1. Examine segment 71-89 for a residue that is part of a helix (DSSP H, G or I), in contact with a Leu (Cβ under 6 Å, 6 or more places away or on another chain) and among the hydrophobic types (A, V, I, L, M, F, W, C), and state whether such a residue exists.
2. Quick check, is PRO62 in contact with a Gly (Cβ under 8 Å, 6 or more places away or on another chain) and either exposed (fewer than 13 other Cβ atoms within 10 Å of the Cβ) or in contact (Cβ under 8 Å) with a residue 24 or more places away in the chain (or both)?
3. Looking at (1) under 30 Å from PRO39 (Cα atoms); (2) among the small types (Gly, Ala, Ser); (3) without any contact (Cβ under 8 Å) to a residue 24 or more places away in the chain, find the lone condition where ALA71 falls short.
4. For segment 243-267, which positions are of a type outside the set (D, E, K, R), over 19 Å from ILE224 (Cβ atoms) and in contact (Cβ under 8 Å) with a residue 24 or more places away in the chain?
5. Would you mind finding the one in ARG239, ARG296 that is touching a residue at least 12 places away in the same chain (Cβ under 8 Å), farther than 28 Å from LEU66 by Cα and not in a strand (DSSP E or B)?
6. Filter segment 255-293 for residues that are touching a Pro at 6+ places or on another chain (Cβ under 6 Å) and part of a loop (DSSP other than H, G, I, E, B) and give the result.
7. Scan segment 112-160 for residues that are hydroxyl-bearing (Ser, Thr, Tyr) and within 25 Å of ILE194 (Cα to Cα) and jot them down.
8. Might you let me know whether segment 77-90 holds any residue that is at pLDDT 95 or above, under 28 Å from ASP287 (Cα atoms), out of contact with any helix residue (DSSP H, G or I) (no Cβ under 7 Å at 6 or more places or on another chain) and surrounded by fewer than 21 Cβ atoms within 10 Å (Cβ to Cβ)?
Amino acid sequence: MSKAITIRGAGIVGLCVATELTARGVPVILRDPAPVPGPTACSWWAGGMLAPFCEGFSAEEPVVRLGQEAADWWAAQGVKVERRGSLVVTLQRDRRELDQFARRTKGHRFVSGTNLAELEPFLAERHDRALYFEGEAHINPRAALAHLRARLEQAGVVFEQNADAPHGSVIDCRGLAARDSLPELRGVKGEMVILNAPDVTLNRPIRLLHPRFPLYIVPRGDGIFMLGATQIESEQRGRASVRSVMELLSAAYALHPAFGEAEVLEIGADARPAFPDNLPRITRTGDSLHVNGLFRHGFLLSPAVAKMTAALVQGCNETPEFYHEDYS
């Protein structure tokens, strides 16, 4: 048996890299100061949307191309993947926003009238036109994190609650904590609200385009919804601002007044690690590999980046996409 590789960080990236290496027979030790996935990891506050075509509105081409692999990868790991597509709508006064979104994305079709009512009857009474991205999907991110960890434990992967730098072969997946080695990393703060809205019925993620505070709403089932979309250049972690929460709730109310009767279950925030181009990097620094900078695309791009990392470790691909030979 070859010597075990130590992965620092058991968030979404670390778990996916460990999954790919384990599948190839490479022994792995995962080290993270947190005992289990939880609020200390930015992936805990993710939306879980596997929406590469929608992301193409502002993201670079690799996000759209590689993100299309994500739904199948998650399903292959045994994670429940909801393949119901996603819907993009606007308020009446912002109809031009929808046309602009359509021009800058692909993989969609316009729906209205009866077709819209069949997809989302709850919204059809207030919205008469939408973009339907049929090929997109979503997952429950917290359930996915717990599932990957449980599978790795069953496969014999060792988890250590330790933040110290290990010796030997190391893959560093610590997110913003890796700025001691990757000074170009910056934090992009994201905030979310979880609501219990039993009077609201949505079948798929909904994006509301708005010139000031765009919104996405992801159904979690049983009347639970996640609201998100704030994107603030800030490294502050753990605290959401009053302004951001008010804007999220106001946008949800504008989408449908029934959200006004919802119960607020949780408010959270964290800073996502990003490089200047908002694309991931696999960086070799001495004997270590750094896998970082997934920005807001953790669940969307981690499968592809993990496969690249595993191929690099095994010598199957010496120059994978996103690879940087020597950061220093």
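1. The first filter runs over segment 71-89 and keeps only residues part of a helix (DSSP H, G or I), leaving 71-76.
From what's left, in contact with a Leu (Cβ under 6 Å, 6 or more places away or on another chain): 71.
Filter once more, so that each one left must be among the hydrophobic types (A, V, I, L, M, F, W, C): 71.
The answer is yes; a qualifying residue exists.
2. Values: in contact with a Gly (Cβ under 8 Å, 6 or more places away or on another chain): no; either exposed (fewer than 13 other Cβ atoms within 10 Å of the Cβ) or in contact (Cβ under 8 Å) with a residue 24 or more places away in the chain (or both): yes.
The answer is no for PRO62.
3. (3)
4. Listed by number, the residues that qualify are SER244, SER250, ALA254.
5. Details: ARG296 fails: farther than 28 Å from LEU66 by Cα.
It is ARG239.
6. Looking only at segment 255-293, we keep the residues that are touching a Pro at 6+ places or on another chain (Cβ under 6 Å), and these are 292-293.
Result: GLY293, single match.
7. Initially, segment 112-160 is screened for residues hydroxyl-bearing (Ser, Thr, Tyr), giving 112, 114, 132.
Residue satisfying the conditions is TYR132 alone.
8. no
The values are calculated or read from the model by the stated rules, or taken from the named source; none is laboratory data. Quantities reported herein were computed from a predicted structural model and do not represent experimental measurements. Don't worry about glycine lacking a Cβ; one is built from the backbone with ideal geometry, like all the others, and counts go over all protein chains shown.
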